[in-house]
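Have a look at the structure below, then the notes.
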Amino acid sequence: MLKQVAYMHQLKKCERRLNKHYIYIAHFIPGRIRLKSDLWKQNEGLLQSLMNVIKEEPYVQSVEYVTITGSMVIEFTLKENPPADQIEQWVNVLLNTHTYIRG
């Protein structure tokens, strides 16, 4: 039980970091996550750059985006919850790339 609570705490921490950059988790199930941001709407260059970086991450199977809605779907090969440190790594890569490209 404590292990699950610690895992959820780590996920909330990652979510707060994303929210500070106006990136929101719209949907999350094992193997798939949908992120949304108004900053991504009609910004194909930014989404393409993020996609190129994210798809190189371990366990990421595919990345798709829709510029009209400003959403990105990331599918990963893990069918159970990914390790918290792996999620932290993905968030770091996403935010570092997002911040660098936006300037």
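The values are calculated or read from the model by the stated rules, or taken from the named source; none is laboratory data. Treat the numbers as computed from the prediction; the structure is a model and nothing was measured. Quick reminder, even Gly has a Cβ in these numbers, built from the backbone with ideal geometry, and neighbours come from all protein chains shown. Note: areas computed on protein heavy atoms with side chains; ligands, DNA, RNA excluded. Shrake-Rupley method; radii C 1.70, N 1.55, O 1.52, S 1.80 Å.
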Exercise for the section: Give segment 38-73 a look and list any residue that's touching a Phe, Trp or Tyr at 6+ places or on another chain (Cβ under 9 Å) and on the phi > 0 side of the Ramachandran plot, or say none. Expected result: Tyr59, Gly70
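Residue-by-condition table, conditions (1) closer than 17 Å to Thr99 by Cα; (2) open to solvent by 60 Å² or more (accessible area, probe 1.4 Å); (3) within 11 Å of the chain's Cα centre (by Cα):
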residue	(1), (2), (3)
Val5	no, yes, no
Lys41	yes, yes, no
Leu47	yes, no, no
Met51	yes, no, yes
Ile54	yes, no, yes
Tyr65	no, no, no
Gly70	yes, no, no
Val73	no, no, yes
Asp85	no, yes, no
Exercise for the section: Filter segment 87-103 down to the residues that are open to solvent by 90 Å² or more (accessible area, probe 1.4 Å) and more than 19 Å from Gln10 (Cβ to Cβ), then identify the one that is modelled with the highest pLDDT. Expected result: Tyr100
Problem - Whichever residue in segment 30-41 is among the aliphatic types (A, V, I, L, M) and closer than 14 Å to Val63 by Cβ and, among such residues, is modelled with the lowest pLDDT - result: Ile33
Fill in the blank from the handout: Residues of segment 1-29 being modelled with pLDDT under 85 and touching a strand residue (DSSP E or B) at 6+ places or on another chain (Cβ under 9 Å), in sequence order, are Leu11, Phe28
